[in-house]
Protein chains: 2
Amino acid sequence: MANCLVAQSGGPTAVINASLAGVIRANQLNPLYDHVFGGLHGIEGTLEGNLCDLTYLSGRDIEVLKQTPSSALGTCRYKFSEEADFQRLINVMDANNIDTMFYIGGNGSMSTVSTMATWAAEHGVSKRFIGIPKTVDNDLGIMDHCPGFASAAKVACEITHATRMDYDAYTRPEVFVLETMGRDAGWLAASTFMTGDVDLLVLPEVDFRRSIFLEQVRAKMEQQGSCYVVISEGARWYDGTYLSANGKAADGLGHAMLGGTAGRLKSMIVEAGIAPRCVVQDLSRVARSSNFAMSLVDFEEAYDLGVCAHMRSFDPTFTGKVVGILRGATEDGGYNAEFFACDAAQVANYVKRFPTEWILPNYQGITQEAMDYFRPLIQGEPKLICENGIPVTLKPFNRR
Amino acid sequence: MANCLVAQSGGPTAVINASLAGVIRANQLNPLYDHVFGGLHGIEGTLEGNLCDLTYLSGRDIEVLKQTPSSALGTCRYKFSEEADFQRLINVMDANNIDTMFYIGGNGSMSTVSTMATWAAEHGVSKRFIGIPKTVDNDLGIMDHCPGFASAAKVACEITHATRMDYDAYTRPEVFVLETMGRDAGWLAASTFMTGDVDLLVLPEVDFRRSIFLEQVRAKMEQQGSCYVVISEGARWYDGTYLSANGKAADGLGHAMLGGTAGRLKSMIVEAGIAPRCVVQDLSRVARSSNFAMSLVDFEEAYDLGVCAHMRSFDPTFTGKVVGILRGATEDGGYNAEFFACDAAQVANYVKRFPTEWILPNYQGITQEAMDYFRPLIQGEPKLICENGIPVTLKPFNRR
C-alpha cells in the first residue's frame, strides 16, 4: 500500500484545518493509505521534502485541529508552473511512497491539481491529485459556496453589527467605513448586508463612481445623521485599477497588495465636506482567521469535504478532481448540502464574481435573493474546547 | 415615591448594557423607585430632557439587553462642569420626579457623580448621584478592575492568537503589528501577552525608545524569522507626545485623537530595513464592542454591579459613591469578586496606569504576576441568544 500527502495553500481560513482533520480522520476510519503525510508550507515546502506524519493524530488532537484557525501545515504564495517543479514534486512523492496528493486551496491550487493530473497522465506517472476547496473569497466556480467563506462572513457580520451599535451610540456627525477582504469578488463584503446595519455597500463588481457614491453618503447623512459603509478591498475604478492600489507593491504572485481602500473613501468623504470625521475599521485578517465566531454549517462542511475527498479516492481513477458542495433542500425546503466532485479544470483559475443581478443600484446593497443565499450558511456555533478562557488550538506543524 | 435615572457615558463596552440591565432588574425585584428612566446620550441628552422609561422591560428584553454591546442609551463626549449645567440637570430631575441618578462611566463620569453630589449637598438639594464603573481601559483607581475591560481583553486575546497563527502560516519575512485601544494605560495591550503569541509589547507606561525597540525587532527576526508586536494606541515618546499624534485633531474633550500608532511602527521597521513588509492590524472598536467573545466573569460582574448600585441606594445617605469590585479569594485560593463602594471622588479623574513593576525591560512583555492578575478575568463564555446565526441585540433606546 502507498501513502498520501495533504497540503494547504493560499490565505488561511478558520476551517481549512477542519478539512485537513477530515482527511486524517477518514484514513483512521478506513486506512486506504499507510501514512497520511502533511506537506509543510504548501507546494513550497513540499518541493523541499518538508513533510510531517499525521497518520496517528489522537482523537483529541483531531478535535482541536478542527477548531484551530489558520493553516496548521503552513501555507505559501508560490507560483507552481515550471516543468522542473512538476518533476521535483513527483520525486518527493516517489521518495516517500506517496501516490495521492490532496491539495486544500483556492483557484490557483485547483489549477495545480488539474495541471499535475494532466501532466502525470501524459508522462505515464501513476500519481493522483485531488482538490479540496477553501477560500474566504467564495469565488470558486461550479460549487454553491466554499468552505471558509461562511465563517469569515459570520465574523464580518458580527463585527459589522457590533461596530454599527458602537457608532450609533454617538451623536457627533461622522461616517463609518468598514473594509473587508475580497480582491476580485465582493461576496464577503456583500454578506455583511444581512445584518441590516449597512447603509451603503461598495463591491468590486460595480465600477466605482465617486460622484454617485458621495451623493449617496451625503443623502444618508442628511436623512438620518449617520452613514455606515462597507467596502471590499477590491473596489475599483471603471478602468479596472483598485481604489487602494499604489501601483507598486505586489505579492509573490504579482497580485496588487490591497488594503487601505477604506482610507481612500475617508479622504473623499472628508475632502468633500460631507462629514468632519470618518472612522475607518479594516477587518483584514481578523475576518478570515478568527475561530471564535465560526459558522457551525461551515465548520462541519469543511470537515465533511476532507472526509469526502479521502473516501472518493478509493476509486483509483479519481484524479484531477475537486470535491465540493451544491445546494440541495430538505423536504420542508430548508438548506441541505449535497456533496459532489467535478474536474478541477472546471474550477481552476476562474473567479466567480458576486452576481450583478443581486446588486442594488447606487450602492444600496443586495437583493433579498442574495440574502436568502447567505443566510443558511452562517447558522450555528460549534462548541469550542476552551482552556483559560481562550479556544484551544493545536501547535502548527510547520512550527514544531 | 420618586423615580430614578440611569445614563451611560464615554466609550461603549461589550457589557455596559449588562450594568444597565442590572439596575432595571433590581428595581423589578425590589421597586425602590416608581420608574427607572434612561437618559439618552449620557448627560448631553439628559440635559435636554431626553428620557425613556425602562421600568417595565420584559424578562426576555432584559436578557437580550445584557448581551447587547455598545451603549443602548447612547453616549456622549460632553464636558459637564458649568454651574449652569448643574442647575439644568436638577431641573430635568425635578420635572420627572427623579431623586437618584445612576451614572455608568469612566473617570470623567465618576467626577461628575462626585461634583454633583457635593454641589447638591452644598445647595441643599436632595438629589443623589451614584456611579457604576465601566471602561475597557481598566484605568479606574481603588477597584481591582473595571467591567468592560475583561471582555475587551478576551476579544483582543482571541484576535491576537488567530492573527498570530495566520502570520505564522507564511514563510515570507515580515513583521506583524497589532494596535489596541488604551490612551493612557496599557492594560488592554498588556493583556494580549497572556496568549504566549506576543514577541514585543509597547505600552504607554514606558517611554518609547526607537533604537532599543528596533534592535529588539531585528533580534527577533534574526532568531526566529518572525516578530509579532502589540502596541497600545497611547504609546509615547519621552517628552509625552504620542507616537501617533499629528498635533491637530482632538475630540470634544480636548483628548488627542489616536490611532495609527501601529502604522508609525511599520514605517520605522521598513525604513530601518529590518523587514521588507510589515502587516498592521488595528483592533480599534472591534475589541471594545464585540459581544461574540465576552468574558462570562465580566458579563456577570457588570450585571451584578448594576444590581449592587440599585440595592445600596436603599440607604438614603448613599450618594457621591461608586460601586466596584475588589479581588477576594475562594477557600481553595481561586478568584472571587468582592463588591464594595467608595467615594466617587477617590476614583474621579485619576488614571490607574499599568504597574511598571509588572513590565519586563526592552519590550519583552509582562511578568507572571501580571498574567496571574489577568487570567481569572477572561474565564468563561456566556451562552448568547442567537437568531439567524447572529447574537440577538436590543434596538438601542436612542434610536427608537
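The values are calculated or read from the model by the stated rules, or taken from the named source; none is laboratory data. Since the model is a prediction, treat every value here as computed from it, not as a measurement. Reconstructed Cβ throughout: ideal geometry from the backbone, glycine too, with neighbour counts over all protein chains shown.
Numerical summary
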{"quantity": "Test: residue in segment A:329-351 that is in contact with an Asp or Glu (Cβ under 6 Å, 6 or more places away or on another chain), within 28 Å of A:V202 (Cα to Cα) and either of a type in the set (G, A, S) or more than 14 Å from every other protein chain (Cβ to nearest Cβ) (or both)", "calculated": "yes"}
{"quantity": "Positions within segment A:50-83 being within 14 Å of chain B (Cβ to nearest Cβ), more than 17 Å from A:V15 (Cβ to Cβ) and either crowded, with 23+ Cβ neighbours inside 10 Å or over 16 Å from the mean Cα position of the chain (by Cα) (or both), in sequence order", "calculated": "A:N50, A:C76, A:Y78, A:K79"}
{"quantity": "Failed condition for B:T46, given (1) more than 14 Å from chain A (Cβ to nearest Cβ); (2) under 23 Å from B:M110 (Cα atoms); (3) β-branched (V, I, T)", "calculated": "(1)"}
{"quantity": "Qualifying position, being touching a helix residue (DSSP H, G or I) at 6+ places or on another chain (Cβ under 6 Å) and outside any strand (DSSP E or B), among A:D372, A:D315, A:D298", "calculated": "A:D298"}
{"quantity": "Hits in segment A:149-197 - residues which are small (G, A, S) and under 15 Å from the mean Cα position of the chain (by Cα)", "calculated": "A:A150, A:S151, A:A152, A:A153, A:A156, A:G182, A:A185, A:G186, A:A189, A:A190, A:S191"}
{"quantity": "Residue count, segment B:265-295 (criterion: within 12 Å of another protein chain (Cβ to nearest Cβ), among the aliphatic types (A, V, I, L, M) and not in a helix (DSSP H, G or I))", "calculated": "5"}
{"quantity": "Failed condition for B:S211, given (1) among the hydroxyl-bearing types (S, T, Y); (2) in contact (Cβ under 8 Å) with a residue 12 or more places away in the chain; (3) more than 12 Å from chain A (Cβ to nearest Cβ)", "calculated": "(2)"}
{"quantity": "Filtered residue count, segment A:146-168, keeping only those that are assigned to a loop (DSSP other than H, G, I, E, B) and within 14 Å of chain B (Cβ to nearest Cβ)", "calculated": "1"}
{"quantity": "Selection within segment A:169-180 - within 13 Å of another protein chain (Cβ to nearest Cβ) and either of a type in the set (F, W, Y) or buried (at least 24 other Cβ atoms within 10 Å of the Cβ) (or both)", "calculated": "A:A169, A:Y170, A:F176, A:V177, A:L178, A:E179, A:T180"}
{"quantity": "Candidates A:T319, A:T367, filtered to the one that is touching a residue at least 12 places away in the same chain (Cβ under 8 Å) and hydroxyl-bearing (S, T, Y)", "calculated": "A:T319"}
{"quantity": "Segment B:365-387 - residue that is acidic (D, E) and more than 8 Å from chain A (Cβ to nearest Cβ) and, of those, nearest to the chain's Cα centre (by Cα)", "calculated": "B:D372"}
{"quantity": "Scope segment A:374-389; condition closer than 30 Å to A:G328 by Cβ and either hydrophobic (A, V, I, L, M, F, W, C) or without any contact (Cβ under 8 Å) to a residue 12 or more places away in the chain (or both); matching residues", "calculated": "A:F374, A:L377, A:I378, A:K383, A:L384"}
{"quantity": "Single match in B:R288, B:R264, B:R277 (criterion: basic (K, R), in contact with a Gly (Cβ under 7 Å, 6 or more places away or on another chain) and at pLDDT below 95)", "calculated": "B:R288"}
{"quantity": "Residues that are at the interface with another protein chain (Cβ under 10 Å from one of its Cβ atoms) and modelled with pLDDT under 90, drawn from segment A:388-400", "calculated": "A:N388, A:G389, A:I390, A:R399"}
{"quantity": "Test: residue in segment A:188-199 that is among the small types (G, A, S) and within 12 Å of another protein chain (Cβ to nearest Cβ)", "calculated": "yes"}
{"quantity": "Filter result (in contact with a strand residue (DSSP E or B) (Cβ under 7 Å, 6 or more places away or on another chain), of a type in the set (A, V, I, L, M) and assigned to a helix (DSSP H, G or I)) within segment B:204-233", "calculated": "B:V217, B:M221"}
{"quantity": "Count - residues of segment A:1-37 that are among the hydroxyl-bearing types (S, T, Y) and closer than 20 Å to A:F339 by Cβ", "calculated": "2"}
{"quantity": "Every pair of residues 6+ apart whose Cβ atoms lie under 8 Å, when the first sits in segment B:29-49 and is buried (at least 23 other Cβ atoms within 10 Å of the Cβ) while the second is hydrophobic (A, V, I, L, M, F, W, C) and in a helix (DSSP H, G or I)", "calculated": "B:V36/B:V23; B:V36/B:I24; B:G38/B:L20; B:G38/B:F397; B:L40/B:F397; B:I43/B:L89; B:T46/B:L89; B:T46/B:V92"}
